[in-house]
Structure formats: C-alpha cells, structure tokens
Amino acid sequence: MEREPMSSDDRPEAAAAAAAAAAAESVQEQPQPLEWRFAQVFGERAAGADVQEVDIISAIEFDKSGDHLATGDRGGRVVLFERTDSGDSASRRELERQDYPVARHPEFRYRTEFQSHEPEFDYLKSLEIEEKINKIKWCQTTNNALFLLSTNDKTIKYWKVQEKKVKRVSVMNLDTSQSSGNGSTSSLGTNSCKALLPNGGCSEKLYHPNNNMSFPPGGCASLRLPVVVTGQDLNHVARCRRVYAHAHDYHINSISNNSDGETFISADDLRINLWNLEISNQSFNIVDVKPANMEDLTEVITCAEFHPTHCNTLAYSSSKGTIRLIDLRQSALCDNHAKLFEEHDAPGSRSFFTEIITSVSDIKFARDGRHILSRDYMTLKLWDLNMDSGPVATFQVHEYLRPKLCDLYENDSIFDKFECCLSGDGLRVATGSYSNLFRVFGCAPGSTEAATLEASRNPMRHQVSNPARPTRTLTSLTRAVRRGGENTSVEAIGNSYDLSTKLLHLAWHPTENSIACAAANSLYMYYA
C-alpha cells in the first residue's frame, strides 16, 4: 500500500513556521512599554522651601469624562482644574491628512477653589475633627454644572459648582461732575439737597435750623436709584447643597458613587452606610462588622467601592488583606458576602509584621468591572472577579524595604496608606512609593513592563539603560504572576530612599495614558 504524499500543511517545516508566526503575532499584540513625559505641575515649590501642613494634597480624582480634575488638601479646600486642549484640537479630517501623528498632551488650568470643610470640635466626645479632605468623588453633571462629594473624618458634603455672570452696580447715587481732586464728592449739585435721608427725602434743618423748607414735591433732582447690570464676565460659584453628618462613629475612610446616579456609600472602620443624594438626614447601614464585645474585634474595614456598572454590587477590603464582594439584593444587612478574595500565606512565612503589611489600603474596580486592583503596603494585587482562589498577578512595589520593616514600624511609616489606580483600557496599573516615586506596571498577559518614575520635571531620571526584565517562570502557571521586584532601577534606590517624601495619592485619566499625582503640595501630571 502506497503512502500518500504529505501535504504542505502536514510537513514539520510548515508546522514550525506556523508556530513561529503565531508566536510573533502574540508578541506584536502585547502593548509596548510606555515612555512617560512631564506635562504640567501646579504648586511647585522652590528647592528648600517649607511646605505648610494645610497645603499638602490629600485626595485626587478625575471625573468620568477626564475633562475635570479635583484635588483636596489637609486645609479642607477643594481645588478644581479643567482641561483646555480638548476644544482647540484640530479636526479629524485635518489629522487624517497628516502623515505623522501629532504629539499632544492633556493640558489643564486652574478653574476655582472653595473651602469645603472647617475644623470642628465634638463636645460630647471631646474630639477634634480635622478639616482634611479624605476623599473626593465626582457625581453626574447636569445643566453645565459640576457636582461632587467631599468628606473629612465625619461629615460628607454635596457640592454644586457652576458659572454665573458677574453682577455689578453701574449707576450710583452720586454726581461725579463736581468732585474734588481726591476722588470724594464735594457737592451733589446746586439743585440737590444738603443731606439725604434713608427714605429718599432731604433735610436742611441739620444745616439751617431756622429754615422751614420741606421736601420738594418733585423730589431731589440729583437722586438716582442704583442700577444692577449683568456683565459678560463669568465667576465660578460653589454652593453646598447637602450635608450628610452624624452617621459615623469612626473616621470615614472612603466614599463611592453608585452607577444609578442616585445613591452612594460611605465607609468607616466598622460600618458601611448607603445614602440617597437627595436625602441628608437618613442613611441605611448595609455592612456592620462591629462585634458585641470590642475585645473580639479582629479586623476593620479599610476601603469600599461600588461596581462601575452593576448598581447592586460593591466590594470592601479589610485590614486582614481580604476583599469581600457583596450583593445588595441578598438582604438589607449584608453580613454574608457573595465572594471572598484572599491570598493565603505560605507555611512558616508569617512574622510580627505580616498582618500590618497585608492590610489593604485601597481598592479600585477596573473600568469594565471584571477585575479589582488592591494595594497593601508592599504589593499591588490584581484580582479576577471570576476567580477567588488568588490574585491573577502580584506586583512588588518596593521590595527593598522588606529588610527594614522594623525601622518602618518604629517611625510609623509602615502604616502609610498608598492609593492605586488602573488605566482606562485595563492594561496598566500604578501606585506610589517613597522618595516621591511611583510605579507603573503592565498587567496584560505576557507583559513585563515595570517603570519607576519620580514626581518631578524629569520623571524618567531613575530609569536605567538596560533594566533587568522580569522573567516568567513555571509559577506563572498558577496564574499568580509576581513582577516588579527585579527592576535594578528600583533596587538602586533602596539605599537612598526618603521616607519623608511619600507619594500617597494619584489618579489615572479615564480614557488616556495620563497620570496626576501629588507630591506634598505639588500636583504633577504626566502623559505617554
């Protein structure tokens, strides 16, 4: 029996070529590492200049469109910035005619600021309440007015910011035709009265006691009513529409808007409350982890966040390093979680500092709602909502600090709360560190991107020419990939880190590769 000749598709050479082509295609699909550039800075201080405590930025938040940015500081102020480069950009047809891309970066300008919170004192508990802004969240925009929520430790406020035309008085009750050289009016005219009364009358008896002159029937000729004219100049006015107070016994650590546009949650150490934006005197307690005996307390709530699209789903993290997903449809008081996300420690790896450094300081949903990003003291973790066995990726932020945990505990730096953020496309994550550094990691499958940037005019100063690329090992088959600790540019900083300059707050633009981060009182913005 004769063997049929092998087709071109069955030959080993063709199979190898197809495999190579598939591998090359998969490599091409991986996003290229971004090259970050400095865009803007607001509030940059001179070298050696002292920073006032009240000026330190404590919250950053982009709105959903990315056209507005809000910051809060420890002095209780909220500062708003608006984008200026979106309206004057070239038309799409003009851009299509050009053979090369136009490198444009988002530009923002200062819009307005207002005093959101004032220092208070709780006389019942003999407790001072700081004015520091803990969180800011944007609400839905209506009628060209901006709405946002801001909170300090105890009180949440709902603000409306809109443009109003400036009104001014154009006609005053003064005759400026006869005025002295110093600008004061010397006479109101020959036909005017010597003294004007509040009711519009006049009296010369003050000056001529024997004069029986009465108020003329036609009134004073020089009496003119002031006229208020609305000019073309615009002024931004912030008005507090609601105050949500007296609902938390402990410090508020997070607030989050619901996708329904009507409700939001606020969380403290032991409780999560559900509010309606239009009702300020009533809230519903949906999570309560306070035990009957406070001595039995083992964990506290550290952060809470609504799902970006499902109005019935929210997640909250704890000081034990766990993330709980709850469904508001199950019961009024969500004591039982729908899913629990946690990473179990390896046997024998626990130490005195384990529980401290595993405490989750911040969580963020990805824009598509499929993943959750969490930040603890040492790492970033990316979780898949469909897989609660462990994180799909773990990123080492500053592994060089692990041998120094004892020193960090003594100076309380180990309790610093770093925030995290995701890009709009979900391909990258970012978080802050010490020495005003922040890290950007690629989280796409197969990505080895791990950049270290500094909050300065030269963000790439700490990059090395040939950084050690993290290697993929067989442990990646467990779908818990660890990356970031092998970057030599980070290890080189390990001996010169500065704990006094920490980058705790940052935010990623919702639709572009642009990051805003706070270094003390300065707001730095970068683009790629």
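Side notes on the structure shown:
- Per residue, the solvent-accessible area of region 229-334 (1.4 Å probe, heavy atoms of protein chains only, all protein chains present) comes to 48 Å².
- When peptides 498-504, 414-420 are ranked by their average number of other Cβ atoms within 10 Å per residue, the highest-first order is 414-420, 498-504.
- Here region 255-368 has 48 percent of its accessible surface on carbon and sulfur atoms, given a 1.4 Å probe and all protein chains in place.
- The modelled label-to-label distance between H310 and R370, using points 7 Å beyond Cα along the C-beta direction, is 1.5 nm.
- Taking a point 7 Å out from the Cα of N276 in the direction of its Cβ, the residues of region 223-267 whose backbone N falls within less than 12 Å of it are 262-264.
- Label positions at K320 and V229, each projected 7 Å from the Cα along the C-beta direction, are separated by 7.0 nm.
- Protection proxy ranking of 374-386, 320-332, 143-155 - average other beta-carbon atoms within 10 Å, highest first: 374-386, 143-155, 320-332
- Peptides 263-272, 516-525, 440-449, 226-235 ranked from most to least packed give 516-525, 263-272, 440-449, 226-235, packing being the mean of other C-beta atoms within 10 angstrom over each peptide's residues.
The values are calculated or read from the model by the stated rules, or taken from the named source; none is laboratory data. On a predicted model such as this, the values are computed, not experimentally measured, just so you know. Counting neighbours? That spans all protein chains shown, and the Cβs are built from the backbone with ideal geometry, glycine included. Protein only, heavy atoms only, side chains kept; ligands, DNA and RNA dropped before computing areas. Shrake-Rupley method; radii C 1.70, N 1.55, O 1.52, S 1.80 Å.
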